[in-house]
Amino acid sequence: MTEPDGRTATEPDTGRAANEPLREDVRLLGAMLGQIVREQDGEDVFELVEKARVESFRLRRSEIDRAELAELFDGITIGKAIPVIRAFSHFSLLANLAEDLHRERRRAVHVRAGEPPQDSSLAATYAKLDAAEIDSATAEDLLRDALVSPVITAHPTETRRRTIFEAQTRITDLMRRRHHAEADQDDIDVQLRRQIITLWQTALIRLSRLRIQDEIEVGLRYYDMSLLDVIPRINAELRDELRRRWPDAQLLAEPMLRPGSWIGGDRDGNPFVDANVVNTATQRAASVAIEHHLGELSLLEQELSMSARLVTVSYALQELADSSGDSGSNRADEPYRRALRNIRGRLTATAERILDELPANGLSAGLEPYESPRQALDDLDIVDASLRSHGDAILADDRLALLRSSIETFGFHLSGLDLRQNSEVHEEVVAELFAWSGVHPDYASLSEDERVAILSDELTTRRPLTTPDAELSELTTKELAITRAAGHAVRTLGAGAVPNYIISMCTSVSDMLEAALLLKEAGILDPGGGHPTSPIGVVPLFETIGDLQQGAATLLATLDVPVYRALVRSRGDNQEVMLGYSDSNKDGGYLAANWALYRAELDLVEAARKARIRLRLFHGRGGTVGRGGGPSYDAILAQPVGAVTGSLRITEQGEVIGAKYANPKLARRNLESLLAATIESTLLDVEGLGDAAEPAYAILDDLAARAQAAYGALVHETPGFVEYFRMSTPVAEIGELNIGSRPASRKPTNSVYDLRAIPWVMSWSQSRVMLPGWYGVGTAFEEWVDGSDEKLARLSDLYEQWPFFRSVLSNMAMVMSKSDLGLAARYAELVPDVELRDKVFGMISDEYNRTIKMYQAVTGHENLLADNPAMARATINRFPYLEPLNHLQVELLRQYRAGDDRELVKRGILLTMNGLATALRNSG
């Protein structure tokens, strides 16, 4: 499998020269993979793979018809299909790897050339801050309680095993060595072949359905891969840089970058999350954190071998060393080693107290455990101060500094596990609790005002609603056990272990208070005689377009409830609100959802100002544009003024996590972009509209309404649309195959409304329609412009001036570049109703062409990827290899639906899904 030499129309001569190293890497890795396929699976398989590759590029050059390529796979046996699928899937992995390395090289070239740092890097942000001349008081106020938290979530398309990631890492390291000529290239090539052979002979996916415990481990693997090393470094460097600029300001008392997780705490629609899962998730995370701290302490013990005969240590350090219990003659004159042994022994005792199992590098010395990470930091501060007292700052600034930053960042808990549940479940549980305790026999029958009154009363008393022997339903028993498990994690691991309780489909004040009541019942929220406190915050999630439009009113009404306002006051007047990108898109389409989110943020910022609270927004973005994805830096800068006040939480999902955090350099770049955008949005004026904001908002109000109407006419009003969707995409198979632990729907239904957003978006991505990322925009623009050059010019001006509008159109163009309606037509052939097929696919095709035409008219770009050179490279180097995967998926779906439900056929479909998701990189 080699990469073609023909230059495409989308790659100019100047770009070709700069991209030649990438092309060489793709050629090398593709040729090695092709030779291995030939050796391992025989000439017939190799010839089919090679024929499919060549024909795919001929198709791209319009030399053949798509039907000719499809004929290669008509009636293919599953035994022959699977190695072909694996070949193109493995090539996607290798092409991704080559592209990541190329971006790494290009950045190094820019640095060596002395060019200004690139936007989205912290270096560029520091330069912008210096030019802005911001005073210390402003910086201190705006960065108070600063937090950037990428929150890792489970995802059904991320089924690759850790073994695959490790092989990719080894190949990446070898390719770096090859480029730097660190060794004989022939030797490196032999080692590359070994790794690719190993990769070829390793199963890409698991045979059994993922359990939540598996998903927990998948999420944690990124800490060993990159995050344990990268996050503390960035936190330490960022604090130093900001304090150097504003030495009089009290900045970043807590590390700004702190990760989170949903895996094991998100039970909205997932019946497999229970108290044991919450315990496993928090315990496993804590084990990773403490094992890391213990490992670093062990290494420090080895490194800090200074003798008391040669240096004079501080009195406090000597005391710390003497209390270690290690006075053996071989360490008698090595106070630092004995002091660090003391710290390691106390941390081991801590692990024995709070963990289910003892992590590696422990030292059982019978010492007292630490009560909090702060106590461990106090001891490390003693080591730090002593080193500096005798001129060893250079040692203090190395591993010790990073360990201190690690403990500050990760504590004993590693990352914050959010709880999430649907408001309907809360209502059912609270109703049962009230009925059992005699508070009210029929809570569900009460009006909203009556509910708020009864909930407020209960939140002011410590009286429990249940007893240990209460006979409750399975649902209520389970929900109470989950919140109690969260309380246990907070008490043993610290407040950061479970920071938030998120309410899905939050629509009312009572929805907020019901969650608070469950925290109270679990012993987490303390009513405190009218002065309630809780280490876990109550977070509304506004998801549908209607809920987003009412979100600010819901928040203000909740803050008008005295007991809830007192709770927020006890939390430093901080209130988090989560915005759902997925369901709003599924509800109203791409443009309407994005504008509803922007409007909601404007309203929430104003509500926070009125209520005098500090607002933190949590963006529930998926990987794909249809679920809020796209470049994070641009997306954050596109937020309204005041929406990013030094704080931001954002979900990271599925194959996007691997693309961002699979190695330290990738992780560093992506985490820097989150921080850079957050700091710039907080301290600089980035909206760019000024006094023209309100007229621009009015235009988007109009456009969004038109786009929503066009989207609704297809998705919600066209008879038979759901049938078309189910037959023309693999959505039904997603639910039946072993992908992820969560069911594809919230409840048994054929309704689009009840389908989970991930299968909805993933299905359109697999079939290459990408409908959630663009449908309705073309109609909205065409209708609004209505042939007027003046109106078209107004949209063009907005594209140039307004980061939000530019980001919306750029992301739409990116996702449309991944669409392929020729391939989508092959999926449409799976719909048996010809009349329905022609009607719906005709509507999709017309809107697709209309949207491209209007995009070109508004932006002036003939090429969809004119502003996205990285994606343009992927289109040239990688996308033709997706063609066979799509054709094979269609053929296997046809066979499966015809009754061939053998396990191998299911596995083949799953492999095509995984291969396409990997190649597209933000498909679900």
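If we only count helices (runs of 4 or more DSSP H) wholly inside region 185-302, which ones have 3 or more residues that are under 30 Å from P335 (Cβ atoms) and in contact with a Ser or Thr (Cβ under 7 Å, 6 or more places away or on another chain)?
So the answer is 228-245.
The condition (being among the polar types (S, T, N, Q) and over 24 Å from S807 (Cα atoms)) is satisfied by just one residue among N886, N849: N886. Residue check: L893 meets all listed conditions (1) surrounded by 19 or more Cβ atoms within 10 Å (Cβ to Cβ); (2) farther than 30 Å from P640 by Cα; (3) at pLDDT below 95 but one, namely (3).
Among the residues of region 629-642, are any surrounded by fewer than 20 Cβ atoms within 10 Å (Cβ to Cβ), farther than 30 Å from R170 by Cβ and modelled with pLDDT of 90 or more? Among the residues of region 629-642, not one is surrounded by fewer than 20 Cβ atoms within 10 Å (Cβ to Cβ), farther than 30 Å from R170 by Cβ and modelled with pLDDT of 90 or more, which makes the answer no.
Within region 263-312, being of a type in the set (A, V, I, L, M, F, W, C), surrounded by 17 or more Cβ atoms within 10 Å (Cβ to Cβ) and either assigned by TED's automatic domain parsing to the domain that holds D583 or under 30 Å from I758 (Cβ atoms) (or both) holds for I263, V273, A275, V277, V278, A281, A285, A286, V288, A289. Residues that are closer than 19 Å to L320 by Cβ, charged (D, E, K, R) and outside any helix (DSSP H, G or I) do not occur anywhere in region 402-424. Scanning region 583-596 finds no residues that are over 26 Å from R706 (Cα atoms), among the hydrophobic types (A, V, I, L, M, F, W, C) and outside the structural domain of P772 (by TED's automatic domain parsing).
Go through region 467-487 residue by residue and tally those that are of a type in the set (S, T, N, Q), more than 19 Å from P271 (Cβ to Cβ) and within 28 Å of the chain's Cα centre (by Cα).
Total satisfying the criteria: 0.
Of all the criteria given as (1) within 30 Å of L93 (Cβ to Cβ); (2) at pLDDT 95 or above, the one not satisfied by D224 is (2). Screening region 559-621 for helices (runs of 4 or more DSSP H) wholly inside it with 3 or more residues that are crowded, with 23+ Cβ neighbours inside 10 Å returns the ranges 582-588, 590-611. A search for C-beta distances below 7 Å between a residue of region 178-202 that is without any contact (Cβ under 8 Å) to a residue 40 or more places away in the chain and among the aliphatic types (A, V, I, L, M) and any residue that is surrounded by 13 or more Cβ atoms within 10 Å (Cβ to Cβ) and part of a helix (DSSP H, G or I), counting only pairs 6+ apart in sequence or on different chains, returns A183/R177; I188/L174; I188/R177; I188/R178. Looking at E450, E352, just one residue is among the acidic types (D, E), in a helix (DSSP H, G or I), over 30 Å from the mean Cα position of the chain (by Cα) and assigned by TED's automatic domain parsing to the domain that holds V539, and that residue is E450. Report yes if some residue within region 771-793 is over 21 Å from A710 (Cβ atoms), modelled with pLDDT of 90 or more and in contact with a Leu (Cβ under 7 Å, 6 or more places away or on another chain); otherwise report no. No - not one qualifying residue is present in region 771-793.
Quick check on region 364-377. Is at least one of its residues among the hydroxyl-bearing types (S, T, Y), at pLDDT 95 or above, surrounded by fewer than 19 Cβ atoms within 10 Å (Cβ to Cβ) and within 18 Å of A489 (Cα to Cα)? Yes, some residue in region 364-377 is among the hydroxyl-bearing types (S, T, Y), at pLDDT 95 or above, surrounded by fewer than 19 Cβ atoms within 10 Å (Cβ to Cβ) and within 18 Å of A489 (Cα to Cα).
Taking the options G496, G546, name whichever one is assigned to a helix (DSSP H, G or I) and touching a His at 6+ places or on another chain (Cβ under 6 Å). Before the answer, list the steps.
Values: G546 fails: touching a His at 6+ places or on another chain (Cβ under 6 Å).
Sole residue among the options that is assigned to a helix (DSSP H, G or I) and touching a His at 6+ places or on another chain (Cβ under 6 Å): G496.
Quick check: is even one residue across region 216-227 touching a strand residue (DSSP E or B) at 6+ places or on another chain (Cβ under 8 Å), crowded, with 20+ Cβ neighbours inside 10 Å and over 23 Å from L294 (Cβ atoms)? No, the conditions are met nowhere in region 216-227.
Within region 91-114, one or more residues are on the phi > 0 side of the Ramachandran plot, modelled with pLDDT under 90, outside the structural domain of G658 (by TED's automatic domain parsing) and out of contact with any Pro (no Cβ under 8 Å at 6 or more places or on another chain).
Checked against the criteria, A659 counts as under 12 Å from the mean Cα position of the chain (by Cα), in a helix (DSSP H, G or I) and in contact (Cβ under 8 Å) with a residue 60 or more places away in the chain.
Of all residues in region 815-826 being in contact with a Phe, Trp or Tyr (Cβ under 9 Å, 6 or more places away or on another chain) and part of a helix (DSSP H, G or I), which is surrounded by the most Cβ atoms within 10 Å (Cβ to Cβ)? Result: V815.
Condition check: in a helix (DSSP H, G or I) and outside the structural domain of S788 (by TED's automatic domain parsing). Does N886 satisfy that?
The answer is yes for N886.
With the requirement that a residue be touching a residue at least 40 places away in the same chain (Cβ under 8 Å), within 24 Å of A308 (Cβ to Cβ) and of a type in the set (D, E), what does region 320-371 give you? Scanning region 320-371 gives no hits.
The values are calculated or read from the model by the stated rules, or taken from the named source; none is laboratory data. Being a predicted model, the structure only gives us computed values, none of them experimental. Every residue, glycine among them, receives a Cβ derived from its backbone with ideal geometry; neighbour counts consider all protein chains shown.
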